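Report on the following structure.
The values are calculated or read from the model by the stated rules, or taken from the named source; none is laboratory data. Please read these numbers as outputs of a predicted model, since none were measured by experiment. Here Cβ is always computed from backbone atoms with ideal geometry, including for glycine, and neighbour counts include all displayed protein chains.
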Amino acid sequence: MTEKHADGAAIRWGIIGCGAVTEVKSGPAYQKTQGFELTSVMRRNLALAQDYANRHGVAHASSDADELINDKNIDAIYIATPPDSHKYYALLTAKAGKICCIEKPIAPNYQDALAIQEAFETAKLPLFVAYYRRSLPRFNKVKALLESGEIGKIRHINWHLSKPANELDLTQADNWRTNKNIALGGYFDDLASHGLDLFAFLLGDYQQAKGIGGNQQGLYSAFDAISACWQHKNGITGSGSWNFGGYSRQDKVTLYGSKGEMCFSIFDDEAISVENSQGKQSHFIENPENIQLYHVGNMQKQLVNNIAHPSNGATALHTSWVMHEILK
């Protein structure tokens, strides 16, 4: 428990970048979590920031991130901007002595991720990263099934994710997710980071990883096709392929064990499927309306009850390292 909040006072949050991701996925979760208050939101366009505040019942809106970070009435900052600005805002937040949560990926590259993690570690401040699947009941069920030996010893994990080019891609409109200066791996940076982070949570840290990538469509500057292989420190091997110019959408993870197999989806709303000597079983666990609800709730548990959060600066840094190894 931090001394600052040992008296039970609410932890007051401010959001930098109250864009689309904060509308349903994350913003309301801060309002629904006991002991948290969403006090202020910031966007460079003040009218849009005020509109968000009005619609969500937030007391204060601003167009000045520095003002929000240094506001004495704010205890914690949620950085929900594109990743190329994460380092700038994170270092300001650490300097201001504030608790911080950063949207994933933590930064566009490993060196920036390392700088962020070191800043909060030096300042002895809590740092969380929005790899919220570590907190979702659905994926905690996957972890429980693995730990109970439902498919025996894990030998290999494979993930294939593909989708057709979307309208934004085809019109070649500005999009940080496909700009190689912000996201070298394109949608891989935004989407594959979720799965690669989850696999470390389920199977343990990575030992090594390698990858190849290319741009098959020529629609944007970042990669649109990546394949990789890796090994976890416990010897489990893995492979993945991500293609963002395919015919159909596919999202399937398969875990191969000594006594069975398990399948699930990272993004699609599907059941966990298990097959072993007992036959086939299916486990469906619904996700919450606000997908970051359990992630935010677990932040409150760490800050108030000293129960460690599964996604922090160190775990996100490890995911950043894996992605760096694949993309290099």
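What is the residue count in the stretch 185-205 for residues that are in contact (Cβ under 8 Å) with a residue 60 or more places away in the chain, crowded, with 20+ Cβ neighbours inside 10 Å and either in a loop (DSSP other than H, G, I, E, B) or of a type in the set (V, I, T) (or both)?
1
Based on what the data block shows, is P105 touching a helix residue (DSSP H, G or I) at 6+ places or on another chain (Cβ under 7 Å), buried (at least 22 other Cβ atoms within 10 Å of the Cβ), not basic (K, R) and not assigned by TED's automatic domain parsing to the domain that holds D268?
Values: touching a helix residue (DSSP H, G or I) at 6+ places or on another chain (Cβ under 7 Å): yes; buried (at least 22 other Cβ atoms within 10 Å of the Cβ): yes; not basic (K, R): yes; not assigned by TED's automatic domain parsing to the domain that holds D268: yes.
So P105 passes the test.
Looking only at the stretch 153-164, decide whether some residue is out of contact with any strand residue (DSSP E or B) (no Cβ under 9 Å at 6 or more places or on another chain) and either of a type in the set (D, E, K, R) or surrounded by 18 or more Cβ atoms within 10 Å (Cβ to Cβ) (or both).
So far as the stretch 153-164 goes, no, none of its residues is out of contact with any strand residue (DSSP E or B) (no Cβ under 9 Å at 6 or more places or on another chain) and either of a type in the set (D, E, K, R) or surrounded by 18 or more Cβ atoms within 10 Å (Cβ to Cβ) (or both).
Being among the aromatic types (F, W, Y), in a loop (DSSP other than H, G, I, E, B) and in contact (Cβ under 8 Å) with a residue 60 or more places away in the chain, is that true of even one residue in the stretch 152-175?
no
Given the options L198, L203, L127, name the one that is touching a Cys at 6+ places or on another chain (Cβ under 6 Å), at pLDDT 95 or above and either more than 30 Å from F36 (Cβ to Cβ) or not acidic (D, E) (or both).
It is L127.
Across the stretch 244-266, which residue is nearest to the chain's Cα centre (by Cα) among those that are within 22 Å of Y206 (Cα to Cα) and part of a loop (DSSP other than H, G, I, E, B)?
Only one residue tops the list, namely I266.
Please work out which one of (1) in the same structural domain as G240 (by TED's automatic domain parsing); (2) within 30 Å of I285 (Cβ to Cβ); (3) without any contact (Cβ under 8 Å) to a residue 40 or more places away in the chain is the condition L146 fails and give its number.
(3)
What are the pairs with Cβ atoms under 8 angstrom where one residue, in the stretch 107-131, is within 24 Å of L293 (Cα to Cα) and charged (D, E, K, R) and the other, located anywhere, is surrounded by 23 or more Cβ atoms within 10 Å (Cβ to Cβ) and at pLDDT below 95? Sequence gap at least six, or different chains.
Hits for this filter: zero, empty list.
State whether one or more residues within the stretch 82-90 are touching a Cys at 6+ places or on another chain (Cβ under 9 Å) and free of Cβ contacts under 8 Å to residues at least 40 places away in the same chain.
Yes, there is a match, as at least one residue in the stretch 82-90 is touching a Cys at 6+ places or on another chain (Cβ under 9 Å) and free of Cβ contacts under 8 Å to residues at least 40 places away in the same chain.
Given the structure, is I307 in a loop (DSSP other than H, G, I, E, B), aliphatic (A, V, I, L, M) and without any contact (Cβ under 8 Å) to a residue 40 or more places away in the chain?
It is true that I307 is in a loop (DSSP other than H, G, I, E, B), aliphatic (A, V, I, L, M) and without any contact (Cβ under 8 Å) to a residue 40 or more places away in the chain.
Looking at (1) assigned to a strand (DSSP E or B); (2) polar (S, T, N, Q); (3) not assigned by TED's automatic domain parsing to the domain that holds N158, which is the one condition that is false for S241?
(3)
Only one of I182, I212, I154, I226 is more than 24 Å from Q111 (Cβ to Cβ) and outside the structural domain of T81 (by TED's automatic domain parsing). Can you tell me which? Let's see the steps before the verdict.
Values: I182 fails: more than 24 Å from Q111 (Cβ to Cβ); I212 fails: more than 24 Å from Q111 (Cβ to Cβ); I226 fails: more than 24 Å from Q111 (Cβ to Cβ).
When all the criteria are applied, what remains is I154.
The rows are residues; the columns are (1) modelled with pLDDT of 95 or more; (2) surrounded by fewer than 17 Cβ atoms within 10 Å (Cβ to Cβ); (3) out of contact with any Pro (no Cβ under 7 Å at 6 or more places or on another chain); (4) closer than 25 Å to P105 by Cβ.
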| position | (1), (2), (3), (4) |
| --- | --- |
| M1 | no, yes, yes, no |
| Y30 | yes, no, yes, yes |
| S62 | yes, no, yes, no |
| N70 | yes, yes, yes, no |
